[in-house]
Amino acid sequence: MESNSLNLGIQLAPRHPEGLMLDNPVMTASGTFGYGIEYSELIDIQKLGAIICKGTTLMPRKGNPQPRLVETVGGLLNSVGLENIGVDAVIRDKAPIWANWRVPVIVNIAGETIDEYVSIAAKLEDTPGVSGIELNISCPNISAGGIEFGVTPRLAAEVTSAVKAVTSFPLIVKLSPNVTDIKEIALAVERAGADAISLINTVKGMVIDISKGESRLESITGGLSGPAIKPVALYLVYEVAKVIHIPVIGCGGICCAADALGFIMAGASAVQVGTANLTNPHAALDVLEGIKYFMRDRGIQKLTDLISVAQA
Ligand SMILES: Cc1cc2nc3c(=O)[nH]c(=O)nc-3n(C[C@H](O)[C@H](O)[C@H](O)COP(=O)(O)O)c2cc1C
């Protein structure tokens, strides 16, 4: 509760026995805020609602070859390919630092098989400093011939229930926008035991260098993020929030408080700031301050009063 009587608190995991209570709805998105530690020297990270760490895999990964970042109009195309230090190093080197923080840290995990997801979640179990798991299901499932977990309701549900069975942490499942009907996938994931759903991950895209007649990314295609994807993300949040009964976390192109408030009015209980962190380390805190300003200006005391007001 804010001292000046604004209540920005939000329960992100109402179905979970312990819940996941955030002081405010502004989180940082996976892959754009490192482990939080890098940013702790630049901003007061303790003021954030939560931090989602870099995508974490079972073994360390070098990621994809360069070039793997291209700027586009209003956006960023990346093919970083989940470069990370691996779950053991996260538990050994990062979690003990997080354990001294007030701000909750949620570990984003990624795997190429269900067993990999399960092993990462099992390793994280009971780790002090970890407050939740976010499942990145935009990863190719090797056992299913490279099809992404997030693109069919069945695979999305399988990986969700398998992880749910081995973790006592609140479980957020992060959806891919690169699907035909995101509502079906959200419903499947909700039924499989997700405590909350975040959306969206990046939108598939590519950029051609016409002087060379080839893609500007070494891995040919990448994931688009930033303001260019905001209307897509907003629409998908709106659609998903209509049909599910667990909290939705909106993400995609959020740069300022007005963006975040749009997501909240469309049905999001919380938001994640991603690409904006790369150009403005203060972006997430600016979003938070702007939300407070808006609420005070309008005489709105509880953040929850704003959720879904734009739902038809
Ligand atoms: C450089 C970069 C790395 C990312 N890495 C991850 C990741 O490891 N796991 C994940 O779930 N999402 C990852 N994302 C996706 C973001 O968390 C977010 O869903 C997406 O960028 C849309 O939000 P934005 O437009 O605010 O950036 C990454 C995005 C970028 C730009």
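Quote the accessible area belonging to MET21 in square angstrom, nearest 10, computed with a 1.4 Å probe and with ligands, DNA and RNA left uncounted.
110
Could you state the orientation-averaged shadow area of the convex hull built on the Cα atoms of segment 160-215, in nm² to one decimal?
One quarter of the hull surface, i.e. the mean projection, equals 5.4 nm².
Between THR304 and GLU218, what length in nm is gained on full extension when 0.36 nm per residue of separation is reduced by their alpha carbon distance?
The span from THR304 to GLU218 would gain 26.5 nm if fully extended.
What residues have an amide H closer than 5 Å to that of CYS251, excluding those fewer than 5 places away on the same chain, when H is modeled at 1.01 Å from N in the peptide plane?
Under 5 Å from the amide H of CYS251 lie the amide H atoms of LEU199, ILE200, GLN272, each far enough along the sequence or on another chain.
Compute the distance from the alpha-carbon center of segment 228-250 to that of segment 100-147, in whole Å.
Computed from Cα coordinates, the inter-centre distance equals 22 Å.
Which one of THR152, THR202, THR180 has the biggest mean-square fluctuation once the chain is modelled by GNM with Cα springs under 10 Å?
Answer for the Gaussian network model of the chain: THR180.
In Å², and per residue, what accessible area does segment 10-305 have when probed at 1.4 Å with the other protein chains present?
Each residue of segment 10-305 exposes 41 Å² on average to a 1.4 Å probe.
Convert each backbone phi in segment 96-104 into a coupling constant with the Karplus relation 6.51 cos²θ - 1.76 cosθ + 1.60 (shift: θ = phi - 60°), then list the ³J(HN,Hα) values in order as whole Hz, x for Gly and Pro.
Coupling constants for segment 96-104: x, 6, 4, 4, 8, 8, 7, 6, x Hz.
Just the accessible area for GLU148, please: 1.4 Å probe, Å², rounded to the nearest 10?
30
Determine the relative contact order of segment 10-305: mean sequence separation of Cα pairs under 8 Å and six or more apart, normalised by residue count, in whole percent.
RCO, segment 10-305: 19 percent.
I'd like the carbon and sulfur percentage of the solvent accessible area for segment 10-305, probe radius 1.4 Å, heavy atoms only, ligands and nucleic acids excluded.
54
Using the Karplus curve 6.51 cos²θ - 1.76 cosθ + 1.60 with θ = phi - 60°, what ³J(HN,Hα) values do you get for each residue of segment 204-220, in whole Hz, with x for Gly and Pro?
Per residue, the Karplus-derived 3J(HN,Hα) values read 4, x, 8, 9, 9, 8, 6, 6, 9, x, 8, 5, 7, 9, 4, 8, 6 Hz.
How high is the relative contact order of segment 145-250, in percent, counting Cα pairs under 8 Å that sit 6 or more residues apart?
26
How high is the FRET efficiency from ALA144 to GLU38, r the C-beta distance, R0 35 Å, rounded to 0.05?
So, using R0 = 35 Å, E works out to roughly 0.50.
Of LYS54/LYS242; LYS174/LYS230; LYS183/LYS230; LYS174/LYS242; LYS94/LYS123; LYS47/LYS292, which pairs sit farther than 20 Å apart, going by alpha carbon to alpha carbon?
Checking Cα-Cα distances, LYS54/LYS242 exceed 20 Å.
Among rounded, prolate and oblate, which fits the chain when a ≥ b ≥ c are the square roots of the eigenvalues of its C-alpha gyration tensor, a/c under 1.5 means rounded, and a/b larger than b/c means prolate?
Judged from the Cα gyration tensor, the chain comes out rounded (a/c under 1.5).
What distance in nm separates the simple spin-label points at GLU125 and GLU289, each placed 7 Å from Cα in the Cβ direction?
4.4
Of all the stretches in the chain, which is the longest one without any exposed loop site, taking trypsin sites (Lys or Arg not before Pro) in a DSSP loop (any state but H, G, I, E, B) with at most 12 other Cβ atoms within 10 Å?
Longest run free of exposed loop sites: 103-211.
The values are calculated or read from the model by the stated rules, or taken from the named source; none is laboratory data. Keep in mind the model is a prediction, meaning the values are calculated, not measured. With ideal geometry, Cβ positions are generated from the backbone for all residues, glycine too; neighbour counts draw on all protein chains shown. The area values use the complete protein model at the heavy-atom level, side chains included, leaving out ligands, DNA and RNA. Shrake-Rupley method; radii C 1.70, N 1.55, O 1.52, S 1.80 Å.
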